[in-house]
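Participant: The following block contains the structure, expressed as structure tokens.
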Amino acid sequence: MNFLTLFARNLWHGPYTDVFPFGPATTPEHLRARITFDPKQCEGCRLCEKVCPAGAIRFTRTPGGMTFDCWHATCVFCGTCEFYCPTKAVKQSNDWHLAHEQGEKYAQVEHGLIPNQICVECGAKALDTSPAVSHIKPPLSETEVSELRARCPKCRNKYLRSRKTS
Amino acid sequence: MTFINKLKDFAVKSPWLYRINGGSCNGCDVELATTACIPRYDVERLGCQYCGSPRHADIVLITGPLTRRVLDAARRVYDEIPDPKVTVAVGVCPISGGIFRESYAVCAPIDQYFPVDVNVPGCPPRPQAIIEGVAKAIAIWRQRL
């Protein structure tokens with residue numbers, strides 16, 4: 001009797017083959033594939049560059065600020081960068097459409113720029129990084145975070161110290 | 001000319017695949033086997049079939065970072081594949097070296113030695129990505145015929 005139910009189910013179900021090259025593919029939600037980078041959230045700690053086993057991530061200081069580059073042709077999609085990123089600026093999406101022709105080999109780069117800004121307090125030029133606020137107690141309000149963000153690292157320290165005393 | 005074009009369209013329906021393992025960890029080779037053997041992915045829908053001899057091959061899939069010991073053998077096998085052929089680098093190792101990049105024991109990237117046409121990054125690439133790469137290779141092969 002069992003084989004008859006199997007037979008009926010297979011007749012109803014149709015082929016199990018993925019339609020992929022002729023239609024959309026089924027992709028698991030948590031598949032580890034293409035890296036995405038959000039420069040707005042980056043703290044500039046460069047931890048992802050340090051932990052990347054394939055050396056795919058590189059930060060470079062440029063006159064305009066600091067650039068983030070992740071080359072997908074050497075990335076092994078281990079997810080270590082996402083795990084260690086304190087603000088989740090580096091994330092892994094489930095977009096696996098990475099096959100490309102040889103001419104586009106060196107264009108498979110996720111690029112982001114953390115721009116320079118002028119500190120509102122001392123006028124020095126510093127990176128517009130997201131402030132590291134996750135461990136600060138009591139937690140900062142949103143206006144405090146935006147005030148902190150507009151400052152250079154030295155003035156950020158000064159701001160936090162003055163906050164503690166008051 | 002239309003007759004020749006029709007013949008080419010006919011030929012492009014059955015490209016045969018050949019695998020060269022250039023010192024791979026076998027992760028990509030398992031994915032290549034999966035692509036062909038598991039009905040869920042089934043690369044044979046595109047008319048592809050793995051062949052045992054390089055002389056029958058049309059599309060060559062290279063896996064692995066091409067270790068120094070295997071370089072000579074890989075070159076000899078590659079030269080036996082008749083033209084026109086399309087080369088697909090499967091996995092990050094042949095494309096850039098991956099985690100073995102800049103090692104003294106590997107000759108990656110392989111585009112120093114072989115004219116690569118399509119790259120399929122991933123460690124290992126998922127079977128659908130390999131099918132995508134093979135589909136791109138078939139399009140290139142049609143142009144070369």
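Where a number appears in this text, it was derived from the coordinates with a stated rule and is not lab data. In this text, all values refer to a predicted model and were calculated from it rather than measured experimentally. Reconstructed Cβ throughout: ideal geometry from the backbone, glycine too, with neighbour counts over all protein chains shown.
Participant: Grab the other residues whose beta carbon is less than 10 angstrom from that of B:Lys136, score K and R as +1, D and E as -1, and report the net.
Facilitator: Values: positive: none; negative: A:Glu101, B:Asp117, B:Glu132.
Net charge in that neighbourhood comes out at -3.
Participant: Continuing with the same structure: Lone cysteines in chain A, going by a 4.7 Å Cβ-Cβ cut-off?
Facilitator: So far as the 4.7 Å Cβ criterion goes, A:Cys42, A:Cys45, A:Cys52, A:Cys70, A:Cys75, A:Cys78, A:Cys85, A:Cys122, A:Cys155 stand without a partner in chain A.
Participant: If the limit is 19 Å between Cα atoms, which of B:Lys8/B:Lys85; A:Lys88/A:Lys125; A:Lys50/A:Lys158; A:Lys105/B:Lys136 go over it? Let's see the in-between values first.
Facilitator: Working: B:Lys8/B:Lys85 14 Å; A:Lys88/A:Lys125 25 Å; A:Lys50/A:Lys158 28 Å; A:Lys105/B:Lys136 14 Å.
From the list (B:Lys8/B:Lys85; A:Lys88/A:Lys125; A:Lys50/A:Lys158; A:Lys105/B:Lys136), the Cα-Cα distance tops 19 Å for A:Lys88/A:Lys125; A:Lys50/A:Lys158.
Participant: Continuing with the same structure: Across peptide B:26-35, how many C-beta atoms of other chains are within 10 Å of each residue C-beta, on average?
Facilitator: Across B:26-35, the average partner-chain Cβ count within 10 Å equals 0.
Participant: Hey, another quick one. Based only on other Cβ atoms within 10 Å, what is the fewest-to-most ordering of B:Val86, A:Val109, A:Val19?
Facilitator: Fewest-to-most ranking of B:Val86, A:Val109, A:Val19: A:Val19, A:Val109, B:Val86.
Participant: Hydropathy at least 1.6 by Kyte-Doolittle, axial extent at least 27 angstrom from the Cα trace: which helices of chain B, defined as entire DSSP H runs, fit?
Facilitator: On the way: long enough: none.
Length and hydropathy pass: none found.
Participant: Shifting gears a bit: Beyond 27 Å, how much of the Cα-Cα pair distribution for chain A remains, as a whole percent?
Facilitator: The proportion of pairs with Cα distances above 27 Å equals 46 percent.
Participant: Counting only other residues whose beta carbon sits under 15 Å from that of B:Ala108, what net charge do I get with K and R as +1, D and E as -1?
Facilitator: +3
Participant: What chymotrypsin sites (Phe, Trp or Tyr not before Pro) in segment B:55-145 are in a loop by DSSP, with at most 15 other Cβ atoms within 10 Å of the Cβ?
Facilitator: B:Tyr104
Participant: In percent, what relative contact order does chain A have, based on Cα pairs under 8 Å that are 6 or more apart in sequence?
Facilitator: Numbers: 226 pairs, mean separation 37.3, N = 166.
Taking the mean separation of contacting Cα pairs over the length of chain A, I get 22 percent.
Participant: Sorting B:Met1, A:Met66 on the 10 Å Cβ count, fewest up front, what's the list?
Facilitator: Values: B:Met1 5, A:Met66 20.
With the fewest neighbours first, B:Met1, A:Met66 line up as B:Met1, A:Met66.
Participant: So which trypsin sites (Lys or Arg not before Pro) in segment B:82-145 end up in coil per DSSP with only 15 or fewer other C-beta atoms within 10 Å? Before the final figure, lay out the partial values.
Facilitator: Numbers: sites: B:Lys85, B:Arg101, B:Lys136, B:Arg142, B:Arg144; in loops: B:Lys85, B:Arg101.
Answer in residue order: no site qualifies.
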